[in-house]
Amino acid sequence: MASKFSYEIIHVDKQTGARVGKLTTPHSVITTPVFMPVGTNATVKGLTPEELKDLGAQIILSNTYHLFLRPGTDVLDAAGGVHKFMNWDRSLLTDSGGFQVFSLSKTRKIKEEGVEFASIIDGSKQFISPEKSIAIQNSIGSDIMMAFDECTPPGVKYEYAREAMERTLRWLARCYEVSKDNPDQMLFPIIQGNMFEDLRIESARRTAEYARCGIAIGGLSVGEPKEVMYHMLEIMRPYYPDDQPRYLMGVGSVDCIVEGVVRGVDMFDCVLPTRIARNGTAMTRVGNLNLRNARFVKDFRPLEEGCTCYACRHYSRAYIHHLIGKDEMLGGRLLSIHNIHALMRLTEDIREAIMEDRLMDFRDEWAANWKDKITED
């Protein structure tokens with residue numbers, strides 16, 4: 001049976017080796033590098049699927065762990081999958097639930113068979129194995145499924161990092177076995193290895209054996225310094241498949257996306273743009289704006305000069321400052337629209353720079369103006 005998935009490299013930047021490519025799934029064609037908004041509970045918080053399309057979102061994420069707990073696979077099966085359930089007809093990626101099992105449950109028990117954990121909804125005992133993770137993702141109907149893995153936090157000892165990496169590889173083999181004949185869903189294996197160079201290289205080599213149309217990099221952006229993440233990306237880069245997209249999980253800040261693409265990454269996701277929006281923060285080309293700050297009370301400029309998003313075309317900093325101060329939901333919605341648009345525009349600019357063989361120049365120009373925390377503009 002012919003594969004419904006493919007990845008075509010359109011152009012390689014002569015300065016950095018970064019690529020513009022086209023990833024084809026059963027639901028759409030995705031141009032990379034790409035940022036993927038996160039819809040944990042089958043919704044990107046505060047935004048409709050139609051708004052996401054207008055913003056240029058090519059693919060979004062949903063969360064296996066949360067959808068397994070609620071609404072449950074019986075509802076997802078009856079609905080015909082999440083695409084129909086949420087009225088989204090473009091590509092969809094699901095994580096495996098592994099990160100949430102390890103990060104949200106304090107009473108988890110890791111076994112070779114899988115992980116026992118307490119539900120964050122009602123405390124009930126639950127269990128996810130590699131096979132069950134794939135079965136849940138089958139019910140969700142995502143185009144891209146993630147392998148069930150163990151994500152270790154920074155600071156663990158080498159011995160445990162190796163043990164977790166080996167377990168992740170054994171679980172990967174089981175995920176692959178139950179998904180390899182599915183023509184409608186593609187499994188992305190996940191590289192682990194914590195912050196140890198030799199483990200990262202070994203994991204990349206062995207994980208690549210299971211990659212058919214994409215490979216993921218997990219266990220980064222979990223609290224380690226950004227310089228450590230960049231270094232890990234550099235040492236793994238020679239071991240990725242050349243003809244497949246590379247997905248850096250959980251990364252969504254402007255600086256990390258730019259630096260990630262320079263280091264060979266094609267796909268990114270994060271809850272960051274909508275989460276900080278709900279807290280009153282706008283993402284701009286030169287840094288973030290905290291709209292809770294009193295200096296915006298009479299600032300009638302748009303969030304960002306030159307931005308063409310709905311929020312910037314129709315509303316001022318002063319108005320959004322007022323909404324955020326009053327906890328009006330419109331404030332978070334407008335900032336979410338702006339932040340998603342900002343990352344869509346960023347990846348468009350990155351793709352253009354790659355096509356013109358000037359990505360490093362683009363990166364240097366951006367870095368000269370970027371403020372890592374809160375801008376005073």
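Data overview
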{"item": "Of the criteria (1) aromatic (Phe, Trp, Tyr); (2) in contact (Cβ under 8 Å) with a residue 60 or more places away in the chain; (3) open to solvent by 40 Å² or more (accessible area, probe 1.4 Å), which one TRP366 fails", "result": "(3)"}
{"item": "Where ASP269 falls short, out of the listed (1) in a helix (DSSP H, G or I); (2) in contact (Cβ under 8 Å) with a residue 40 or more places away in the chain", "result": "(1)"}
{"item": "Scan of segment 48-69 for residues that are farther than 16 Å from ASP95 by Cβ and either of a type in the set (Lys, Arg) or open to solvent by less than 10 Å² (accessible area, probe 1.4 Å) (or both), ordered by number", "result": "LEU52, LYS53, ALA57"}
{"item": "Single condition THR347 does not satisfy, out of (1) in a helix (DSSP H, G or I); (2) open to solvent by 30 Å² or more (accessible area, probe 1.4 Å); (3) in contact with a strand residue (DSSP E or B) (Cβ under 8 Å, 6 or more places away or on another chain)", "result": "(2)"}
{"item": "Residues being open to solvent by 70 Å² or more (accessible area, probe 1.4 Å), in a loop (DSSP other than H, G, I, E, B) and either at pLDDT below 95 or in contact with a Pro (Cβ under 7 Å, 6 or more places away or on another chain) (or both) - total across segment 121-166", "result": "4"}
{"item": "Pairs, first at pLDDT 95 or above in segment 66-84, second of a type in the set (Lys, Arg), C-beta under 6 Å, six or more apart", "result": "none"}
{"item": "Those helices (runs of 4 or more DSSP H) lying entirely in segment 1-119 with at least 1 residues under 26 Å from ALA353 (Cα atoms)", "result": "49-55"}
{"item": "Top-ranked residue in segment 197-229 [being under 18 Å from the mean Cα position of the chain (by Cα), outside any loop (DSSP other than H, G, I, E, B) and β-branched (Val, Ile, Thr); ranked as farthest from GLU166 (Cα to Cα)]", "result": "ILE215"}
{"item": "The listed residue being farther than 20 Å from THR94 by Cβ, touching a residue at least 24 places away in the same chain (Cβ under 8 Å) and in contact with a helix residue (DSSP H, G or I) (Cβ under 7 Å, 6 or more places away or on another chain), out of VAL44, VAL20, VAL34", "result": "VAL20"}
{"item": "Odd one out for LEU248, checked against (1) surrounded by fewer than 23 Cβ atoms within 10 Å (Cβ to Cβ); (2) within 14 Å of PRO33 (Cα to Cα); (3) in contact with a helix residue (DSSP H, G or I) (Cβ under 8 Å, 6 or more places away or on another chain); (4) not small (Gly, Ala, Ser)", "result": "(1)"}
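The values are calculated or read from the model by the stated rules, or taken from the named source; none is laboratory data. In this text the structure is predicted, and so the values were computed from the model without any measurement. Quick reminder, even Gly has a Cβ in these numbers, built from the backbone with ideal geometry, and neighbours come from all protein chains shown. Side chains included, ligands, DNA and RNA excluded: accessible areas come from the protein's heavy atoms. Shrake-Rupley method; radii C 1.70, N 1.55, O 1.52, S 1.80 Å.
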